[in-house]
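The numbers here are math on the coordinates, done by the rules we state, and not lab data. Since the model is a prediction, treat every value here as computed from it, not as a measurement. Note that each Cβ is placed from the backbone with ideal geometry, even for glycine, and that neighbours are counted across all protein chains shown.
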Amino acid sequence: MNEADLAMARRKPRSLAISIAYRLMRAARFVFGAKFVLRFFLNVAWLAWRLAFELASDVLGRKFQTDARGIPEELLREFVSPGATVLDAGCGPGRWTRIAARYASRVTGVDTNADAIREALRETTETNVEYIAGNLVNVIGQRHFDVALLVHVLEHIEDVDSFLQMMARAADTLIIEVPNFEADALNAVRHQLGCRFYADADHVREYTPSILREQLMRNHLDIVREEQNRGSIIAVVRSHA
C-alpha cells in the first residue's frame, strides 16, 4: 500500500451514526461523568479490537497473521545466512518456520501444542524443516543452533531471565518479537484507570522498548538491532557473557 492508496478527500461524507454517537456521549457525560464514560469506551474499544483481530485472522487467513507481525522477511534474510540452522521456539502452525526455511539449511519448529504441530505438518512442503511437539528444554538440551526465533514468546514466560539465558546458550543469535504496549496511546490510560490493557489473556507481562531493553541487558545480551514495527518491538541480540 502506497501514499496514493491512502489519499482521500479533505471533506468527508457526514455520518448519521457518528453524529448520534457524539450526542449520546455528551448526554452520558452529563449523567454519569466523563471518567465513567471514558472507562466504558476504553473497555469497548479494547474488546472490539480483540474481536476484529480474531475475525481478520479467520477471514483473511494466515497471510494476515504473517503481515500483522513486526519482523520483516528482509531481517531474516540478513541474519539467517546460507547454511545456518534455525530454531523456531513456540512455532505454532509454522508460519515463520517456513519463511526461515527459504534462507536456512535446516529449521526446527518446536511447540507444546500438538494440534498446532499437526497443522504445521499439513501446511509444510519444504524438505529442510522438521517439527517437534514437546518441551523446548528437551530439544535445546541436545542441539545448538545458529539462530533462534522467539516470535511473541517472551510475554508468555514467567521466569524470563532463566529463559533468555537458556536460549542464549542454545543459539548464537536470538531474533525476538514482543507486542509493544506503547503502540496504542490509550493503553497507558487503560492501565492508569484499571481497565483491561493486555493484548492477550495468556500474557504474564506487556512490553515497552525500555522494559525489553532492560531484560536483555541484565542477561548479558548485546542488542544488534532494535526496531518498532506494526505494534511490535523487534530485537536481534547476541550473548557477550
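What to note about this one:
- The slack between ARG11 and GLU227, meaning 0.36 nm per residue of separation minus the straight C-alpha distance, is 74.2 nm.
- Taking only the C-alpha atoms of region 12-58, Rg followed by Dmax gives 13.7, 40 Å.
- Candidates ASN113, ASN43, ASN138: whichever shows maximal mean-square fluctuation once the chain is modelled as a Gaussian network with Cα springs under 10 Å: ASN138
- Overall form of region 135-241: prolate. Here a/c, set by the Cα gyration tensor axes a ≥ b ≥ c, is 1.5 or more, and a/b is the larger of a/b and b/c.
- Selected from THR125, THR108, THR66 as most flexible by GNM, with the chain as the system and alpha-carbon contacts under 10 Å: THR125
- Dipole orientation for region 17-60: of the candidates LEU42, ALA17, VAL31, VAL31 has the Cα lying most toward the positive pole (charges on Cβ; Lys, Arg +1; Asp, Glu -1).
- The distance linking region 181-241 with region 11-33 is 35 Å (Cα centroid to Cα centroid, whole angstrom).
- Residues in region 197-228 reached by a label modelled at TRP49 [backbone nitrogen below 14 Å; 7 Å Cα→Cβ]: 197-201, 206-208
- Those residues of region 165-190 whose amide nitrogen sits under 18 Å from the label point placed on ARG205, 7 Å along Cα→Cβ: 165-168, 175-183, 188
- Spin-label model distance (nm) - LEU60 vs ASP172, 7 Å beyond Cα toward Cβ: 3.6
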